[in-house]
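Data block below; observations after.
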Amino acid sequence: MASIKQLKKDINNEIGEIIEDIYHWELSNPKADLSKSEQLIDEAIEGFDNLIAKVNGVNGEDPKKQFKVIENEKATLIKSLLAKIAKL
């Protein structure tokens, strides 16, 4: 990890791309039930908020380890969201 700033940008960009994908799905499927996709968007936003809060809350005790845990959580969230998008 290069920096806190870069980690925040990565979180923002990756989750932002997922939300854009969901919006594209909604636009290409106007007759579909959009409640599931809206829940997925809410989940993505909640995950974003949680990750950013964790990045901001890193304290002086072994920050590299804390950032590694955040990176792993980000990867898990991204995988989960992508799997749910595939089920739409």
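The values are calculated or read from the model by the stated rules, or taken from the named source; none is laboratory data. Note that the coordinates shown come from a computational prediction; the quantities given were computed from them, not determined experimentally. In this analysis, Cβ positions are derived from the backbone assuming ideal geometry, glycine residues included, and neighbour counts consider all displayed protein chains.
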- Can you name the condition, by its number, that residue 40 falls short on among (1) closer than 14 Å to residue 8 by Cβ; (2) at pLDDT 95 or above; (3) in contact with a helix residue (DSSP H, G or I) (Cβ under 6 Å, 6 or more places away or on another chain)? (1)
- If we scan the range 4-15, do we find a residue that is farther than 15 Å from residue 80 by Cα and in contact with an Asp or Glu (Cβ under 6 Å, 6 or more places away or on another chain)? no
- Task: Give the residues of the range 19-64 that are basic (Lys, Arg) and closer than 15 Å to residue 85 by Cα, sorted by residue number.
- Result: 36
